[in-house]
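Encoded as structure tokens, the structure appears first; notes follow it.
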Amino acid sequence: MKTPIQFQLNGEEVAAFAESGANLLDVLRESIGDLSVKGGCWQGTCGTCTVLIDGAPRLPCVTLAETCVGKSIETAAGLRRGPDLHPLQHAFMERFAAQCGYCTPGILMAAKALLDRSPNPTRAEVVDAICGNICRCTGYEPIIQAILDVARGGDRRRA
Amino acid sequence: MLEFRKDIFADERDDNLIEIGQPTQRQDILGHVTGTSPFYDDHRFANLLHLKILRSPHAHARIRSIDDSAAARAPGVKRIIRAADVPVNLNTLLSLIQFGKDDEPSLAADVVRYKGEPILGIVATSERAALEAMALVRVSYDQLPAVFDVEEALKPGAPSVNPTYPKNTFEYYGKYDHQKLRFGDVESAFKQADLVLEDRYQMSPIEHAPTETNGSIAVPDTNGRFIVYTSTQALFFSLDTAAKINAMQSNQLHFIGGTVGGGFGGKVDTMTEPLAILAARLTGAPVRYRFSRHEEMQFGSPRGAERISIKDGVMKDGRIVARQVRAYFDSGAYTRLSSYAVVKCVAHIPGPYTIPNVHADVYCVFTNRTPATAMRGFGVTALDFALESHMDKDAVALGIDPLEFRILNAYRDGDMKAHRREAKNCALIECAQVAAEKANWPLRDEFRRLSSRQGGGPARTGGAADRARAPAIAPAAAPPQPMPQRVAYERPTPAAPARTPPTPPPRSAPPPPTAPTPAGSTHGAPRFSSVFGTRRR
Amino acid sequence: MSITVKTFARLADAAGALSSDRGARFLGGGTLIMRAVNEADPTIETIVRSTDPSLQHLSVSSGRIELGAGVTMGAILAERELGFLHPVARAVGGPAVREAATVGGNLFAPSPYGDFATALLALDATVTLAGGFGQRELLLEELLSRRERGAALVASVAFKRPADDSFRFTKVTRVHPKGIAVLSIAAQLPLASGRVTGARIAYGAMGQTPVRAKAAERALEGRTLDAAGIAAATAVAADGTSPADDAIASAWWRREILPVYLRRLLLGTA
Amino acid sequence: MAKHRGRGVATINYPVGMNLGGDPSQALVHSNPTGKFTVALSSIDLGQGMKSVTRQICAETLGVPVEDVYVDTADSDTGPHCMGSFASRGTHRVGNAVITAAREARAVMLEAAAEELEVDPGDLETDGKGSIRVKGAPHRSISVRDVAIAAQFKQGKTISGRGIFLVPLSDVDPETGEMSPATCYAHACLIVEVEVDDETGEIAVLKMTSAYEIGRAINPKLVEQQLVGGSWMGMSHALYETPEPYYPNTRDGPRDFNEYLMPGPGDICQHDIIVLERPAPDGPFGAKGPGEMCANPVLPAVANAIFNAVGVRINELPITPEKVLKALKARGGGAAGASSGRAP
């Protein structure tokens, strides 16, 4: 049985027919085709698929898709406005905060959730914001630095 | 966070370069931060089918019967793949370089040898449909005794894990159950040593834990070819393995990798491609075979555990005069890459130190656990843990500063290594000096003044090589020299003794019916046969 | 056969649907149920959910605190008045999980999960169950003792607001800041002229469900919170616990460090 | 409650490339008609930076701006054979193959330029900015773009090159283990400071200081990525990770990222890294491979630091708090002052 689901994705109205009981991650990737959302576990334990639902960080892989009807969802695909990158994207580039790049979209969204709510976080708050996201490559430090760069007033070049 | 010491070895380096040494941005970074880098699973196909694998719940059991009739009738199920459907259902990864015998089935036919071993595949319209059908498969087993400890596995009467290697050890050169290293004479050196220290170390298995699990999508292409989108770390390795198992010509396969969501050694094994291709051939539709996180954690090959015993003979003045190593690699139920790691491990003994008498026996042992494979630092990581822990104990026992003890024994240009090659391009002493300075680790002046480029030479091993078999490099051949070596890289010299080629052991599996020996043409394979005596016809 | 999802405007109707369908599970935050659904858990045929606003109800009066079962850890962290519970809510997963994980769901999270339930146990919370035929109250302790047996749909939890600074919580993890519990300890330590009266201490991950530390509670009665005063309590800290070996820690280590962390919690050095 | 600090050290080396050699890699380099170059590889970038490193190596060899080079990887139809991305072989093996291919392409590029400028190719040099000029007479120059157009449409030359790099396979003596395992080795020394809680066995890694000798850092930022990420993984192997917590018993294996333990962002520490460069005679511009070895020294250094802190030796990985606590209790509890090493 399929259920019609409609919500806002990065500001655009989207709709899909989802398998009953489907999780939001599969709907975003398979039905709607937003491939910026990566799947890492389908268990709610790695944070790779992190998106924002009505401004709050959530894990689509353990979110029942039909609970999202009428909600506003933000993904990494919506971070950039036309040719202009989001400050977080600039900062991640400047700090070389990505290696394989698979966890990057989810971590960017986790970081955005933090900065949207508190623009000037402490290091501890940054660490907490990404603690649900597994990164196997970087050792986290460059990611923390990149987020702090934005908090400190932007993605200025490193000396 | 990161600084350079360009002053060291400056005379060996050309610093008049334009692009080399620049912190140029990664070519792939924009794709990464915008979520547009193409990973294997970022390709969409109409009517994509999904392959799920029924795995053994037992570590060792004989399969009495399999009833998949109900599963075959379950909604959404397109095809069930059994062992008999696999064209060449016995393989070993390194057959591509003629190393080792085929010992691992893609799908277990009669016996399962580790918990999680694939038994049958279900191809369905959704992963959920495949999983629901899987719950309907009835398999009955006769459980068999299992062994999980490397040393237990070597005892007489231990359960035999892998019929290709019934004694539970990989076979080297068709005659040995381990890889040897013999340099000098450790026994007499232990007698002369002021102090002999022995201890045992145990590495843990490690999961690679890439954020992207192993997976691939096989898509029927025009003209009988198949396009395979894959997470592999080794494109042709996987292509040739998939071709062999499917008895296909390698040019029938078009492998497309791209960005990989982390590998660390866990994506060399080609665990999904062969069956995804087979499923696509049997159904005529695109098929995705993607490990679940649970599968990746428990049934994807881990870094194997090693058990390493070290015996050192040291003198009061701090010289290590003898080192004996006995190590067991836990390969799990099948070989995969552990046999190779054993040789790499032996090559690494005794570590970056110049020791005149070295003796090692390293075993690749089969147990009833998930087959192990390569991981970052393969064959060396565990040995370094053991060696460097033991170095610390040596230093403590001698009352010498642990770092000075290492510098004292560090290998230098011109030294003779235990595998009978001249040490060149060494820099261990300099690393120790620089790190010590940065961390305010007090080193005495004489240790701050030492250099990798001075004071080395065959004499430091007391001509040990001569006392053992013929030295590869005549002591006269290479006087210690402070300047960079002319020779591009180490080579066996003519002085090396000629060896009679070992006799080939019986072959383990019949050749693939239609498949040409897949990689023979592409991997310089014949050369390896002389090394490992496992030439395939 | 795919999953059926039934959504009810009234919680009572959801309860009715649950009790009449053995293959039905109630969807809280999804972190437990959706994972099982993704893994095609054959025991789940129906997902029951409710949009009843009472599930989100959150009231903080001077004396009493009520939390609807659907209140998330995120909602608790957003509520100033519940500051004493923030360390507990923050101990549940990372930010994304906190936004989903509910008070009700945490009561059913298998060990070593369930840190919030551990805190509620120390707070002597009562639980209101929704039923097809009206609601009924019971002690959280009772619910936990029989939670493995059969479906109960929690509507809300309630507890007396603890006296200022009388509530303490600590969670021991291997990974920081987000890690599942080696163990967690919640304690309500009312003081009368410097002496403990009617302490309630609960442990997480020291048994199949969160458990009371009754021996330690008794040993604290009338004592002062200093090294001498708490010695008797820490001596019996592990009494009545039955921790398990798991991927995080062995039962042995859990027992060994429990008294250490209880002492640190009581002395305020944890 | 007592917390004890300690320091430990380890020094290691690491072989570059597949053991015994015999692991070839190929590369193709070609220019499009407007002087932009493509490197075609079947090699894999799994995050280590293969695309970026080979791109810089190609640009340096050709003598063109790095922006004018694009590396296309991981396609078995268009990329020639590569053994794969493992054994720290990418930079060394593939890098060398790219140099060979780029040299061949550069030679044709200079020939074509020479024909246009009517000079001898030997008199030409690249400026690395997109132009080719006569040595000593910089005013006589031509852009790579114009050279490519001329080569393609006027001279009928293909500005392209093929490269392969192979370390010949070494034999192994079954009796003595005599062999040539590798052609060059990277080196490292790592010093780590830890704090151990002698009541719980819990370990905090406070600081790492390391020196890595990697031949040549093709790109210092990519090297930093490997060394920082690798040392985190080393710390993880030392203290946290295993899919079999009760090895060799196989029970209680982790199934997810909550149960599989790795250091979180709250467990990491400052790491001061110093890079040394002793070029490998056969490395691309002297480069070796830092990818794997960077994790290795951390494991023993941590074990040695724990001994330095509380005087117990843990020989079994991972060094969990409970193993430390068991050892402390076996020794009578509490922390005897470390019997060795210097207190930090």
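The values are calculated or read from the model by the stated rules, or taken from the named source; none is laboratory data. Since this is a predicted model, take the numbers as computed values, not measurements. Note that we place each Cβ from the backbone using ideal geometry, even for glycine, and neighbour counts take in every protein chain shown.
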Take C:D124 and decide whether it is at negative phi, charged (D, E, K, R) and modelled with pLDDT of 95 or more. no
Please determine, by comparing only the residues of the range C:111-128 that are in contact (Cβ under 8 Å) with a residue 40 or more places away in the chain and not in a helix (DSSP H, G or I), which one is surrounded by the fewest Cβ atoms within 10 Å (Cβ to Cβ). C:D124
Within the range D:143-168, take every residue that is outside any helix (DSSP H, G or I) and more than 22 Å from D:V98 (Cβ to Cβ) and give me the one that is nearest to the other protein chains (Cβ to nearest Cβ). D:S143
Answer yes if at least one residue in the range B:348-364 is crowded, with 24+ Cβ neighbours inside 10 Å, closer than 19 Å to D:P243 by Cα and aromatic (F, W, Y), and no otherwise. no
Scan of the range A:17-37 for residues that are assigned to a loop (DSSP other than H, G, I, E, B) and within 14 Å of chain C (Cβ to nearest Cβ), ordered by number: A:S20, A:G21, A:A22, A:V37
Hey, among the residues in the range D:144-160 that are touching a Pro at 6+ places or on another chain (Cβ under 7 Å) and within 12 Å of D:H30 (Cα to Cα), which one's surrounded by the fewest Cβ atoms within 10 Å (Cβ to Cβ)? D:Q152
Would you confirm whether or not the range A:88-107 contains a residue that is among the acidic types (D, E) and without any contact (Cβ under 8 Å) to a residue 12 or more places away in the chain? no
Looking at the range A:1-52, which of its residues are surrounded by fewer than 18 Cβ atoms within 10 Å (Cβ to Cβ) and in contact with a Phe, Trp or Tyr (Cβ under 9 Å, 6 or more places away or on another chain)? A:K2, A:T3, A:P4, A:E13, A:V14, A:A15
Among residues of the range A:135-159 being modelled with pLDDT under 95 and under 20 Å from A:S118 (Cα atoms), the residue farthest from the other protein chains (Cβ to nearest Cβ) is A:G153
Looking only at helices (runs of 4 or more DSSP H) that lie completely in the range B:364-460, which have at least 2 residues being in contact with a Lys or Arg (Cβ under 8 Å, 6 or more places away or on another chain)? B:381-398, B:402-409, B:428-438
If you scan the range D:214-229, which residues turn out to be at the interface with chain A (Cβ under 8 Å from one of its Cβ atoms) and under 14 Å from D:L190 (Cα atoms)? D:V228
Output the number of residues of the range C:212-270 satisfying the condition of being more than 13 Å from chain D (Cβ to nearest Cβ), of a type in the set (G, A, S) and assigned to a helix (DSSP H, G or I). 9
Pairs please, first residue from the range A:1-16 and within 14 Å of chain C (Cβ to nearest Cβ), second anywhere and assigned to a loop (DSSP other than H, G, I, E, B) and among the hydroxyl-bearing types (S, T, Y), Cβ atoms under 8 Å, 6+ apart in sequence or on different chains. A:M1/A:S20; A:M1/C:S2; A:K2/A:S20; A:T3/A:S20
Can you tell me which of (1) in a helix (DSSP H, G or I); (2) farther than 29 Å from B:G258 by Cα; (3) of a type in the set (V, I, T) is the one B:V33 doesn't meet? (2)
Is it the case that the range B:22-40 has a residue that's in contact (Cβ under 8 Å) with a residue 24 or more places away in the chain, out of contact with any Gly (no Cβ under 7 Å at 6 or more places or on another chain) and among the aliphatic types (A, V, I, L, M)? no
Is there a residue in the range C:194-207 that is in the same structural domain as C:P259 (by TED's automatic domain parsing), basic (K, R), part of a strand (DSSP E or B) and under 30 Å from C:R174 (Cα atoms)? yes
Can you confirm whether B:R323 is within 14 Å of chain A (Cβ to nearest Cβ), more than 25 Å from B:P163 (Cβ to Cβ) and surrounded by 24 or more Cβ atoms within 10 Å (Cβ to Cβ)? no
Could you say whether any residue in the range D:48-59 is more than 7 Å from chain B (Cβ to nearest Cβ), over 15 Å from the mean Cα position of the chain (by Cα), surrounded by fewer than 24 Cβ atoms within 10 Å (Cβ to Cβ) and not β-branched (V, I, T)? no
Count of residues meeting criterion [closer than 18 Å to D:S236 by Cα and away from chain D (no Cβ under 14 Å)] in the range C:173-202: 0
State yes or no: is A:A91 on the phi < 0 side of the Ramachandran plot and in contact with a Phe, Trp or Tyr (Cβ under 8 Å, 6 or more places away or on another chain)? no
Can you confirm whether B:A70 is over 30 Å from D:K288 (Cα atoms), away from every other protein chain (no Cβ under 11 Å), more than 27 Å from the chain's Cα centre (by Cα) and surrounded by fewer than 22 Cβ atoms within 10 Å (Cβ to Cβ)? yes
Hey, C:D13 touching a strand residue (DSSP E or B) at 6+ places or on another chain (Cβ under 8 Å), assigned to a loop (DSSP other than H, G, I, E, B) and more than 14 Å from every other protein chain (Cβ to nearest Cβ) or not: no
Among the candidates D:T209, D:T250, single out the residue that is in a loop (DSSP other than H, G, I, E, B) and among the β-branched types (V, I, T). D:T250
Has the range B:130-141 got at least one residue that is among the hydrophobic types (A, V, I, L, M, F, W, C), in contact with a Leu (Cβ under 6 Å, 6 or more places away or on another chain) and either buried (at least 18 other Cβ atoms within 10 Å of the Cβ) or farther than 30 Å from A:E30 by Cβ (or both)? yes
Of (1) part of a loop (DSSP other than H, G, I, E, B); (2) surrounded by fewer than 19 Cβ atoms within 10 Å (Cβ to Cβ); (3) away from chain C (no Cβ under 14 Å), B:Y114 fails just (2)
Which listed residue is of a type outside the set (S, T, N, Q) and under 17 Å from the mean Cα position of the chain (by Cα), from A:A22, A:A18, A:A65: A:A65
Kindly indicate whether any position in the range D:175-183 is crowded, with 24+ Cβ neighbours inside 10 Å, outside any strand (DSSP E or B) and of a type in the set (D, E). yes
Considering only the range A:53-159, give the helices (runs of 4 or more DSSP H) lying wholly within it that have at least 3 residues that are surrounded by fewer than 18 Cβ atoms within 10 Å (Cβ to Cβ). A:123-129
Filter the range D:62-86 for residues that are of a type in the set (A, V, I, L, M, F, W, C) and either buried (at least 24 other Cβ atoms within 10 Å of the Cβ) or part of a loop (DSSP other than H, G, I, E, B) (or both); which is nearest to the other protein chains (Cβ to nearest Cβ)? D:A74
